[in-house]
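Here's a structure for you.
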Amino acid sequence: MKLSAAMLAVDTNVIVRFLTNDHPQQSKRARTLVDGNDVWVSLTVLLETEWVLRSVYRYPPTQIIASLRDFAGLTGVSLENPALADRALTWCAGGMDFADALHLSAAADRCEAFVTFDAELMKAGKKATELKLREP
């Protein structure tokens, strides 16, 4: 979908209300907004949404991944970088932390290696991607 001046960028709280239906008035407004408009979601909003669903709402990873994929698949929803987000969600489904998966996905096509002190990330990343992971 091509971005346009008529497209609306949405914040994390709009997506959370849409997905959780936890606030009668705001959830209804979020659903009306998303269902009736073309909306754009930045990767940072996607990342924060995952964090809120995991840490505040205690959604299990499978429910978070399904919810984000379903939301991203709605007719009027456009993601900042759909391929990057899809790859990160796939890696997250394999057990990787979503933030780490986004970091690696962003670097995978651009960089020689991803450098980190995080041993768990290196282990998970080596299973998920051909991108080299190493310590500084």
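The values are calculated or read from the model by the stated rules, or taken from the named source; none is laboratory data. Because the structure is predicted, anything quoted here is derived from the model rather than measured. Please note: Cβ atoms are built from the backbone with ideal geometry, for glycine as well, and neighbour counts cover all protein chains shown.
In the range 94-111, what residues are surrounded by fewer than 16 Cβ atoms within 10 Å (Cβ to Cβ) and either of a type outside the set (D, E, K, R) or modelled with pLDDT of 95 or more (or both)?
The answer is Gly94, Gly95, Ala99, Cys111.
Right, next: Of the residues Ala106, Ala9, Ala88, Ala72, only one is in the same structural domain as Lys132 (by TED's automatic domain parsing) and aliphatic (A, V, I, L, M); which?
That would be Ala106, the only listed residue that is in the same structural domain as Lys132 (by TED's automatic domain parsing) and aliphatic (A, V, I, L, M).
Residue by residue through the range 113-131, note down the ones that are outside any helix (DSSP H, G or I) and modelled with pLDDT under 95.
Thr129, Glu130, Leu131
Being farther than 26 Å from His23 by Cβ and either in contact (Cβ under 8 Å) with a residue 60 or more places away in the chain or touching a Ser or Thr at 6+ places or on another chain (Cβ under 9 Å) (or both) is true for just one of Arg134, Arg110. Which residue is that?
Result of the check over Arg134, Arg110: Arg134.
Find the residue count for the range 96-107, including only residues that are charged (D, E, K, R) and assigned to a helix (DSSP H, G or I).
The total comes to 1.
Check Ala93, Ala88 and return the single one that is closer than 30 Å to Val34 by Cβ and touching a residue at least 24 places away in the same chain (Cβ under 8 Å).
Going through Ala93, Ala88 in turn, just one is closer than 30 Å to Val34 by Cβ and touching a residue at least 24 places away in the same chain (Cβ under 8 Å): Ala93.
Would you call Glu80 buried (at least 19 other Cβ atoms within 10 Å of the Cβ), of a type in the set (Asp, Glu), closer than 28 Å to Glu130 by Cβ and in contact (Cβ under 8 Å) with a residue 40 or more places away in the chain?
no
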